[in-house]
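Working notes, structure below.
The values are calculated or read from the model by the stated rules, or taken from the named source; none is laboratory data. Predicted model only: the values in this text are computed from it and were never measured. Cβ coordinates were reconstructed from backbone atoms using ideal geometry, including for glycine residues, and neighbour counts include every protein chain displayed.
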Amino acid sequence: MITSEPAGSNAGATFEHFVLTRFNVRNRYYAGNPGDIWLRSRLALFEKYTAASFGAQTVKDFRWLVLVDSESPQWFRAELGVLGRELFEIVDIKGAFNAQAAAGVVASRLRTPFILTTRVDNDDAVARDFIESIQRAWRPVHQPYFINLVKGAQLADGRVYRRPYTQNPFVTLSEPRSADGLATVFVRRHYEVQAYAPVTNVGSDHPLWLQVIHGGNVLTELVGMRTRARAVEPWFACDLGARDRPLEFAREVMSGTARIALRLALKPRRVVNLGRALVARPIREP
């Protein structure tokens, strides 16, 4: 059992922090049985970005659970097991994955009065202080609420983009232990969490998460603003392989500005969400 006291000023209030990563589980977007080629490609991304990120966290008091379909191939489970030594626990999911399945997984491992569950996809990266930032923002509130680290980035073909986003898929749910059971962060889709509980948007002076754009993405689109790789790379333990060519960079900054302006104009509510991300403030030490 890992029992943590928060990185901030809440000494004495204990919680357990679970990071939940789905890997080849069945859901409404994905029926399973992807084939060995897809699994090997996704394993390579997972090792390069996700596993490297969590192995380098500044705070180690968390449990990383990698959720896999119980019918996944044996070779896949074996290779995942090698990557997971002393880093994460592989958990079988039978049938379709949903919030109830996640709640059952966490509840069976729970010993503390408060629970944090954070979702991270299997092809993305997080900054070295990702876990620390979440725990520093945490407060022992006896009602569920979400912690949202709003400043992130995207990586596509060696180019880096800043991505402030208040509805990002790296969100955390804090909830008290209850006889009514757990909800977990999967109780709502990441862009619908405000319908379930209040959201605390937390700012930072650097990106705390990174979406990797690649050919296998299902729902991720490139929407960030081009930025210098050197402004992002130092915060991440994984090799981003980023490069900046001066002329290309200048052209993309200009075209990106127009692209983002058009995107905001098409859906004005995005302006509100962007504003919330830009005004979010970091959690300061007392």
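Sort out which residues of region 99-118 are closer than 20 Å to GLN143 by Cβ and touching a helix residue (DSSP H, G or I) at 6+ places or on another chain (Cβ under 9 Å), and write them in order of number.
Matches in region 99-118: ALA99, ALA102, ALA103, ILE115, LEU116, THR117, THR118.
Out of curiosity, is ASP157 of a type outside the set (A, V, I, L, M) and out of contact with any strand residue (DSSP E or B) (no Cβ under 9 Å at 6 or more places or on another chain)?
no
Taking region 232-261 on its own, how many of its residues are part of a helix (DSSP H, G or I) and of a type in the set (Asp, Glu)?
Total satisfying the criteria: 3.
Please verify whether PRO246 is farther than 25 Å from ASP124 by Cα and at pLDDT 75 or above, treating the condition exactly as stated. Outline the logic, then answer.
Details: farther than 25 Å from ASP124 by Cα: yes; at pLDDT 75 or above: yes.
Spelling it out, PRO246 is indeed farther than 25 Å from ASP124 by Cα and at pLDDT 75 or above.
Considering region 195-231 alone, what residues qualify as being at pLDDT 80 or above, hydrophobic (A, V, I, L, M, F, W, C) and either within 17 Å of the chain's Cα centre (by Cα) or over 26 Å from GLN135 (Cβ atoms) (or both)?
VAL199, VAL202, LEU208, TRP209, LEU210, VAL212, ILE213, MET225, ALA229, listed by residue number.
Among the residues of region 170-181, which ones are at pLDDT below 95 and either surrounded by 24 or more Cβ atoms within 10 Å (Cβ to Cβ) or in contact with a helix residue (DSSP H, G or I) (Cβ under 7 Å, 6 or more places away or on another chain) (or both)?
GLY181
Please specify each residue of region 84-120 satisfying the condition of being within 19 Å of PHE54 (Cα to Cα), aliphatic (A, V, I, L, M) and surrounded by fewer than 17 Cβ atoms within 10 Å (Cβ to Cβ).
Of everything in region 84-120, those that are within 19 Å of PHE54 (Cα to Cα), aliphatic (A, V, I, L, M) and surrounded by fewer than 17 Cβ atoms within 10 Å (Cβ to Cβ) turn out to be LEU87, ILE90.
Which pairs have Cβ atoms under 7 Å, sit 6 or more apart or on different chains, and link a residue in region 138-153 that is touching a residue at least 24 places away in the same chain (Cβ under 8 Å) to one that is outside any loop (DSSP other than H, G, I, E, B) and small (Gly, Ala, Ser)?
Note: pairs meeting the criteria are TRP138/SER174; VAL141/SER174; PRO144/SER174; TYR145/SER174; ILE147/ALA137; ILE147/SER174; LEU149/SER133; VAL150/ALA277.
Could you tell me which residue of region 139-165 is nearest to THR184 (Cα to Cα), considering only residues that are crowded, with 24+ Cβ neighbours inside 10 Å and more than 13 Å from the chain's Cα centre (by Cα)?
Here the answer is LEU155.
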